[in-house]
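Data first, discussion second: the structure below is written as structure tokens.
The values are calculated or read from the model by the stated rules, or taken from the named source; none is laboratory data. Values in this document were obtained by computation on a predicted structure and should not be read as measured data. Cβ: placed from backbone, ideal geometry, glycine included. Neighbour counts: every protein chain shown. Surface areas here come from the heavy atoms of the whole protein model, side chains and all, with no ligands, DNA or RNA. Shrake-Rupley method; radii C 1.70, N 1.55, O 1.52, S 1.80 Å.
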Amino acid sequence: MASLVGSRVERKEDKRFLTGKGRYTADINLANQTYAIFVRSPHARASIKKLNIDKALKSSGVVSILTGKEIADDKIGGLIAGWAIRSEDGTEMKCPGNPPLAKDNVNFVGDPVAVVIAESLAEAKEAAEKVEVDYKVLKAVTSTADAMNGDTIHEGIDKNLCFDWLLGDRQKVKEAFDKADKVISIDIINNRLIPNAMEPRACVADYNAASEEITLYTTSQNPHLSRLIMSAFGNVAPEHKLRVVAPDVGGGFGSKINVYNEDIVCSWAAKKISRAIKWVAERSESFLTDIHGRDHVTHAELAVTKDGKFLGFKNETIANLGAYARVFGTVTPTYLFGPCATGVYEIPAAYTNVKAVYTNTAPVDAYRGAGRPEATYTIERLVEKASMELGIDKTELRIKNFPTAFPFKQTLVHTVDSGDYVAGMEKAKQMADYKGFEARRKESEAKGKLRGIGVTSYFEACGIAPSAAVMSLGCGVGLWESAEVRFNPTGQVTVYTGSHSHGQSHQTTFAQIAADELGVPIENIDIVHGDTDKGTFGMGTYGSRSLAVGGIAIVNACKKIVEKGKRVTAKMLEANPEDVEFKDGEFIVSKSNKKKTIGEVAFACYLPGVRDEMKSPLPEGDEPGLKETSFYDPSNFSFPAGTHIAEVEIDPETGHVKLEKYTACDDFGRIINPMVVEGQVHGGLAQGIGQALYENAEYDETGQLMTGSYMDYTMPRADNFPEFNIGYTCTHATTNPLGVKGCGEAGAIAAPPTVMNAVIDALGGQEVTMPATAEKVWKACKNLKKSNAKAA
Amino acid sequence: MKDFNYHSAKDSKEASKLASSSSAFLAGGMTTIPSMKLGLATYKDLIDIKNIKKLSGIKVSGRSVTIGAATKHVEVSNSKDVKKAIPSLSSLAEGIGDPQVRNRGTIGGSIANNDPSADYPSACIALNATIHTNERKIEAAKFFKGMFETALKKGELIEAIEFQIPEKSSYQKHPNPASRYAIVGVYVAKHKGDVNVAVTGAKSCVYNDKEMSKALSGNFSSSSIDGMDLDSSEMNTDMHASAEFRASLVVTQAKKAVDAC
Ligand SMILES: Cc1cc2nc3c(=O)[nH]c(=O)nc-3n(C[C@H](O)[C@H](O)[C@H](O)COP(=O)(O)OP(=O)(O)OC[C@H]3O[C@@H](n4cnc5c(N)ncnc54)[C@H](O)[C@@H]3O)c2cc1C
């Protein structure tokens, strides 16, 4: 039987999605359901003086109106940060309470203060307009860089500072800098982004008064984790009385990791009114209240020798958390950021210092790449600048500082098990025709255009993560994953996974893996996910962990099935279990060549007897049935890496940046399905290029979101991109049996510095901030013209 | 969205009779419906004009192209007649919004709305258009009054727009990267005798840039406007472009348009 792993198996989910048969949360309608509308703060910072619902209650169709007071009276818990970060001085981070409905203070535009539940959506909306809230508007803090000088947002949190964290050794870094021939320094802003999943958030909550069970259908990347948080911290219901279902989910990118206010409020309220409640975000609510991403202000320095050896690295960053610290809000700018900030280089001394600040803006949390795009942007912009200042070719300079051997013990945290960064660089250069660039630049010049080329070599730490390691760093949970593989008596297989697919094609790739492990045709394998009532448990999908963690749990469960199969076969064929081999779905006794198919074994496991004989195929100690579970805890992160090269052409008259070529050469270890990986790379690149050239979330000084719709927030479209030139090198991960590494975030991590390096190259080294919009680039072109004229 | 009455008018007369101070005509609905949905506008009555036969269709004569007010953007961009008579007009229509918008939005709606960054108003100015309403004919130069403001009276219905066929013309838009409306759009049309340089997106309302028109009427070459330093004091500033950038773009786009003619 040919192996399915490695082949372009058509996506099992496509039929459903392409024929409109997907079932998303908003498609779910329950009998007798009501509709919720949230009354949200129009102010970025205010105290609530009075909230009057009398008029609204009289509005037609209103079933109930609940406010922060009722939720506090019922002792429903608030939203939480999932990682406890400690400051350099040893103090614990400071987090404000974040009630699901604000009672006394609101802290960003969109912060909910009440929920209106009515018989119809129109009636809920009508009534919501009649809720009267008397706010005392306070001065908002909105700027990341100045947040520490603003008014105190949360009582008791001085300077709006959540923590002041250090990773690395300042003294060693100082010594390294003292020895340097040259110090390259850079000031950069990692622009704030809004995730914009295609499907807006939604939830439908139901309550069964007889079983006292709440069922919540919600747009989540991790239903089990949501249940745990809602139960343990939200106090919504004990875990066994709370079922969370995340059906088809139309994109997450990190924005659907969190338990949100609406999840808690609708679940709690459904029990209160003993009816189902449906809430679907409007796009404008998504803009305002989904978590946002990035938003760093960074000063970084690189100490180098004159021949280009890196000696030391400093990184001083202010990270905006928004109004509250959420699930991955505090780890994203620390342990997901700092360890990767030294990039793919041997740098003997390094530190990263992060001050995380609160502002009156939407909470900032993990968004595709989470911390690693910010890290890669910092180091790769610095290295490119170093190459300009040292006059060393940008690819040579990188190669010079690549690690020479693997495992590569990084300066700060990670030990990278495998990789070949030089091979990636060489292949990327070939794919991009790096050598031919100068000729292309001249051609552009002849047309009056400016052409630039940019390079990024990245690695990232994903496949999160060993539980003991992350819990030692403050994580509130372990980050293993579980799988359950269940044979039916008639030979088909159901695989339950705790990973969640919201665009990652698990239904296909996971089935490919199970098909190879079990020798069962892929059509006979179903992947089930997204329901806390099905399967064992799950930590969910983020941090490119589905395959490297969830996929391995499936492999391990399959291996347990095979082990049992060997024992059963041995018993049935009267052989020694050690003499039974398993290949392509058959158990073969090596000495006699007698065999049983896995289907026969499954059948025997469920029907363990024969007519007229007292005889069981099951060896002593084995129970009937064929079902195995694995909880897999990885031994390390996984470390995809690669080199990306971009080429841009700029029209100096309009400042328009045209991305002419984009080459991505990635090492994802073993690839299960190349077509799916291409999709992941394309999507990641689109988001990364979007960050570099188009996307930007902008608040004004009063805290109003200026980019609250697609009229002003530039979502990139297909015509903004060239055909992507994609290739791979492959070194297998040594820390998992499949040899796989994550691929979901790489594009979003590598693309921003790659594109910006190209833009800045075209602009003669002038710094521009992301996104490189026409006006910024136009201004830089004018400066370039002036300085060229002076030089001439 | 608040409740409203929906009417489908069978002819212009009925449509204008139904109109009141709290009504809107419903053509493509691409402006009206989003603004109602967002609560920016409320109407008691929506008067659908799409079923009025007379308002749709394209007619070309020797000197002009006449387009019915309820003609959709996609129909203008696909029309072989328009492509032949005034190719720049068809490419303007092709560059409006996205396929969904082009499949619904209409030329009459666009002009009646007079968004300061809309594309069609510049075509009307550059191509010396005449706006035919159910009551009168209005010259384009007198039609666009200010931001979202036109010469239309309450209940007055645009029936068709008549464009003069130029010798040469081109429309060059620098789109807002998010909405794809014009940050600046410049429509250059060379007629016998004179040149119009209609600018949209730059100021509160579309206008004919006299300085560039004059220069180009003298010498129809982009070199005659190259480096021109336009007064930016009345130009728009927003998060996508400052007045200074817009002033520069107006000249750049005008040059591109002349070169493309
Ligand atoms: C996402 C998006 C992107 C867009 N991008 C662009 C763009 O790039 N460039 C651009 O130019 N436009 C753009 N538009 C606007 C689009 O062109 C609309 O078609 C236009 O604004 C209104 O036309 P409509 O037929 O939809 O009018 P409607 O929304 O139906 O009506 C708009 C107004 O015009 C009045 N009206 C309509 N027809 C008549 C008539 N015959 N006589 C008198 N009054 C009338 C109505 O009473 C109403 O007040 C965009 C719109 C959207 C939603």
Review point. Cα atoms only, region B:168-260: Rg and Dmax in Å?
Key: 12.4, 40
Review point. Size of the dipole of chain B about the Cα centre, Lys and Arg at +1 and Asp and Glu at -1 on the beta carbon, nothing else charged, in debye to 20?
Key: 840
Exercise for review: Could you check how much of the accessible area of region A:605-673 is carbon and sulfur, as a whole percent, using a 1.4 Å probe?
Suggested key: 49
Check your understanding: Restricting attention to region B:188-242, which trypsin sites (Lys or Arg not before Pro) occupy a DSSP loop and are surrounded by at most 14 other Cβ atoms within 10 Å?
Key -> B:Lys192
Check your understanding: What's the carbon and sulfur percent of region A:275-340's accessible surface, probe 1.4 angstrom, rounded to a whole number?
Key -> 59
Revision key, fill the gap. Karplus ³J(HN,Hα) for region A:477-493 (6.51 cos²θ - 1.76 cosθ + 1.60, θ = phi - 60°; Hz, whole; x = Gly/Pro) runs 9, x, 10, 7, 9, 10, 8, 10, 10, 10, 8, 7, x, 8, x, 7, 10
Point to revise | Under the Karplus curve 6.51 cos²θ - 1.76 cosθ + 1.60, θ = phi - 60°, whole-Hz ³J(HN,Hα) for region A:507-520, x wherever Gly or Pro sits | key: 4, 8, 5, 5, 5, 4, 5, 5, 4, 5, 5, 9, x, 10
Revision key, fill the gap. The percentage of the accessible area of chain B (probe 1.4 Å, all protein chains present) made up of carbon and sulfur atoms, to the nearest whole number, is 48
**Study point:** Cβ-based net charge around B:Ser35, under 14 Å, with every Lys or Arg adding one and every Asp or Glu removing one
**Key:** +1
Revision key, fill the gap. Zone reached by a paramagnetic label modelled 7 Å from A:Glu155 Cα along Cα→Cβ, restricted to region A:121-142 with backbone N below 11 Å, covers none
Exercise for review: Describe numerically, in nm with one decimal, the distance between label points set 7 Å from Cα along Cα→Cβ at B:Asn51 and at A:Ala232.
Suggested key: 6.2
Exercise for review: Roll a 1.4 Å probe over the protein chains and send me the accessible area per residue for chain B in Å².
Suggested key: 45
**Study point:** Estimated FRET transfer efficiency when R0 is 22 angstrom, pair A:Glu443-B:Ser221 (beta carbons, to 0.05)
**Key:** 0.30
Review point. Assuming R0 = 22 Å, what is the FRET efficiency of A:Ser120 and A:Ala210, from their Cβ-Cβ distance, to the nearest 0.05?
Key: 0.25
**Study point:** Most fluctuating residue given options B:Glu94, B:Glu159, B:Glu244, as computed from a GNM of chain B linking Cα atoms under 10 Å
**Key:** B:Glu244
Point to revise | Using θ = phi - 60° and Karplus 6.51 cos²θ - 1.76 cosθ + 1.60, couplings along region B:7-19 (whole Hz; Gly, Pro as x) | key: 10, 10, 7, 8, 8, 4, 4, 5, 4, 6, 5, 6, 5
Practice item. Starting from the amide H of A:Lys594, placed 1.01 Å from N in the peptide plane, find each other amide H under 5 Å away whose residue is 5 or more places distant or on another chain. Key: A:Val589
Point to revise | Zone of B:Lys168's modelled label, taken as backbone nitrogen in region B:183-204 under 20 Å from a point 7 Å along Cα→Cβ | key: B:186-199
Check your understanding: Going by the alpha-carbon gyration tensor, a ≥ b ≥ c the square roots of its eigenvalues, is chain A rounded (a/c under 1.5) or, if a/c is not under 1.5, prolate (a/b greater than b/c) versus oblate?
Key -> oblate
Practice item. List the residues of region A:766-789 that lose 30 Å² or more of accessible area once all protein chains are present, compared with their chain alone (1.4 Å probe, heavy atoms only, no ligands or nucleic acids). Key: A:Glu775, A:Trp778
Point to revise | List of region A:687-717 residues, accessible area with partners at least 40 Å² below that of the chain alone (1.4 Å probe) | key: A:Met711, A:Asp712, A:Thr714, A:Arg717
Review point. Aspartates and glutamates near A:Lys49 by alpha-carbon distance under 20 Å, same-chain residues fewer than 8 away left out - which ones?
Key: A:Glu70, A:Asp73, A:Asp104, A:Asp111, A:Glu129, A:Glu132, A:Asp134, A:Asp151, A:Glu155
Practice item. May I ask for the accessible area buried between chains B and A, both sides summed, probe 1.4 Å, to the nearest 100 Å²? Key: 1800
Check your understanding: Roughly how many nanometres apart are two label points built 7 Å out from the Cα toward the Cβ at A:Asp181 and A:Leu607?
Key -> 8.0
Check your understanding: So how far apart, in nm, are the two label points at A:Lys58 and A:Lys534 if each is 7 Å from Cα heading toward Cβ?
Key -> 4.9
Study note, to complete from the structure: With 0.36 nm assigned to each residue of separation and the Cα-Cα distance removed, A:Lys306 to A:Lys21 gains 96.4 nm
**Study point:** Cβ-based charge dipole, region B:168-260, positive-most Cα from B:Met228, B:Ala182, B:Ser170
**Key:** B:Ser170
Check your understanding: Rounded to the nearest 20 Debye, what is the dipole magnitude of region A:386-460 about its Cα centre when Lys and Arg each give +1 and Asp and Glu each give -1 at the C-beta?
Key -> 340
Check your understanding: Going down the list A:Lys182/A:Lys355; B:Lys142/B:Lys214; A:Lys776/B:Lys83; A:Lys256/A:Lys741; B:Lys59/B:Lys256; B:Lys53/B:Lys137, which pairs span over 25 Å between their C-alpha atoms?
Key -> A:Lys182/A:Lys355; A:Lys776/B:Lys83; B:Lys59/B:Lys256
Study note, to complete from the structure: The FRET efficiency for B:His7 and A:Lys75, from their Cβ-Cβ distance with R0 = 56 Å and rounded to 0.05, is 0.55
Point to revise | Amide H within-cut-off set for B:Ala129, under 5 Å, with H built and near neighbours excluded | key: B:Ala140, B:Gln164
Check your understanding: In region B:160-178, which residues become less accessible by 10 Å² or more once every protein chain is in place, relative to the chain on its own, using a 1.4 Å probe?
Key -> B:His174, B:Pro177, B:Ala178
Review point. Mean residue ellipticity at 222 nm from the helices of chain B, using -39,500 (n - 2.57) per DSSP H segment of n ≥ 4 over the full residue count, to the nearest 500 deg cm²/dmol?
Key: -8000 deg cm²/dmol
Practice item. Please label the shape of region A:479-632 as rounded, prolate or oblate, based on the square roots a ≥ b ≥ c of the eigenvalues of the alpha-carbon gyration tensor (a/c under 1.5 means rounded; beyond that, a/b larger than b/c means prolate, else oblate). Key: prolate
Review point. Per residue, what accessible area does chain A have, given a 1.4 Å probe and all protein chains present, in Å²?
Key: 37
